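Input: a single structure, listed below in structure tokens.
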Amino acid sequence: MIDTTEGLERLVEHILRLGSVALDTEFFWERTFYPRLGVVQLGLPDGRCELVDAPAIGGFEPGGLGPLARLLDAAGVVKILHDAPQDLVILRRAAGAAAPRTIFDTRCAAGFAGLPATISLSNLLNELLGVELPKTETRADWLKRPLSEKQVRYAEDDVRYLHQARDELERRAAANGVDGWLREELTALDDPGLYGERDPRVQYTRLKGTGRLRPRELAVLRELAAWREKTARRRDIPRGRVLADKTLVHLARVQPQSLKSLTSRGRVTLRTADRSGRAILQAVAAGMAVAQDQCPPASLRRRDAGVPGDLVDWGMTLVRDRAAARGIDPSLVAGRADVRNLLVAGSSAADGEHRLLRGWRAELAGRELLACCLNGEQ
């Protein structure tokens with residue numbers, strides 16, 4: 001294993017001359033907000049695999065794996081990963097990289113090659129190459145040293161075949177005539193916004209159980225969720241250890257005004273109230289003080305709100321049919337909400353506001369869907 005900054009620098013210099021590298025990570029993520037990176041795997045085009053001992057080099061700290069930043073930022077080096085965003089979020093923070101670029105995500109590419117876009121790596125390699133990966137180390141402790149021989153083999157296998165998988169996926173996409181669309185979709189992975197920390201003030205949109213909240217309640221929830229996010233990051237603990245999701249939603253409804261009401265009606269324990277009660281009440285007050293016209297709009301999550309359900313069903317059928325004809329997983333094209341929103345907009349739909357009217361999705365199904373709706377042909 002590579003366990004020094006100097007060794008990692010030498011490896012990065014070598015890879016920069018090769019033009020491509022397969023990447024994966026093994027980490028522990030149960031008791032902290034940020035994952036504890038244990039191993040970084042790098043697979044070279046010739047089949048050689050290198051493991052980086054992240055804790056030994058400083059991988060727990062932002063920027064601790066600094067040499068990897070040059071690799072992630074290098075536009076001339078293709079980074080091959082399976083389900084890239086999660087690994088790249090972790091690697092970007094550990095390396096202090098500006099923004100990962102030139103990404104080939106084998107899971108995404110599978111969706112353009114007649115396979116599910118949610119396929120696991122083991123199933124993908126079995127389908128493409130006839131390779132069966134052992135699953136014995138999925139719950140191993142990747143922070144403990146030394147690694148066992150089984151762990152080393154498992155980690156290497158996660159990157160050993162990714163170059164071959166990429167070649168086969170590109171071949172299949174080209175055979176389907178959608179290789180240009182695949183490249184377009186992969187280019188979207190160069191967006192720096194995918195790998196940075198989310199704005200704490202949009203975290204409330206990820207919570208369940210908010211469909212019936214009114215705008216004022218959503219304003220309170222937005223402040224509460226933002227406070228929890230900042231607190232979890234600062235203390236480096238999971239969000240749920242600050243306050244549970246359902247507690248945030250409940251607090252947004254009851255809007256406590258005192259420590260007594262916080263514990264009696266807010267489902268907050270005395271221990272949490274002692275530590276964070278005043279901060280919680282300040283977040284509630286901040287939400288209550290938001291101007292009415294600045295409150296988040298009430299959710300339209302009711303099934304097919306604003307458009308008949310059978311019309312959305314027809315739109316989804318059109319999307320599935322057009323995707324199947326080109327060997328594309330329909331889930332990559334659009335979800336029910338995308339179809340519904342486009343049909344609701346109708347003649348006022350603007351390209352930049354609707355996923356189905358941008359790029360290859362518009363060419364495949366989006367424009368046809370909108371035209372048929374406007375012409376009443378469904």
Taking first residues from segment 1-25 that are of a type in the set (Lys, Arg) and second residues anywhere that are in a helix (DSSP H, G or I), the pairs with Cβ under 9 Å that are 6 or more apart or on different chains are 10/67
Within segment 159-200, of all residues that are under 27 Å from residue 96 (Cβ atoms) and among the hydroxyl-bearing types (Ser, Thr, Tyr), the one surrounded by the most Cβ atoms within 10 Å (Cβ to Cβ) is 195
Note: among 59, 63, just one is surrounded by 17 or more Cβ atoms within 10 Å (Cβ to Cβ), of a type in the set (Gly, Ala, Ser), assigned by TED's automatic domain parsing to the domain that holds residue 156 and in contact with a helix residue (DSSP H, G or I) (Cβ under 8 Å, 6 or more places away or on another chain), namely 59
Residue set 220, 159, 178, 152; condition over 25 Å from residue 21 (Cβ atoms), modelled with pLDDT of 95 or more and not assigned by TED's automatic domain parsing to the domain that holds residue 277; output residue 178
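Considering only residues that are β-branched (Val, Ile, Thr) and in a helix (DSSP H, G or I), which ones fall in segment 323-339? Spell out how you get there, then give the answer.
Keep residues of segment 323-339 that are β-branched (Val, Ile, Thr), which gives 328, 333, 339.
Across segment 323-339, the qualifying residues are 333, 339.
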Taking segment 77-106 and keeping only residues that are of a type in the set (A, V, I, L, M, F, W, C), crowded, with 19+ Cβ neighbours inside 10 Å and in a loop (DSSP other than H, G, I, E, B), one is left with 77, 97
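Which one of these is within 21 Å of the chain's Cα centre (by Cα) and either outside any loop (DSSP other than H, G, I, E, B) or free of Cβ contacts under 8 Å to residues at least 40 places away in the same chain (or both): 39, 52?
39
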(1) surrounded by 19 or more Cβ atoms within 10 Å (Cβ to Cβ); (2) among the hydrophobic types (A, V, I, L, M, F, W, C); (3) under 23 Å from residue 101 (Cβ atoms) all hold for residue 51 apart from (3)
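The values are calculated or read from the model by the stated rules, or taken from the named source; none is laboratory data. Remember, it's a predicted structure, so these values are computed and weren't measured experimentally. Cβ: placed from backbone, ideal geometry, glycine included. Neighbour counts: every protein chain shown.
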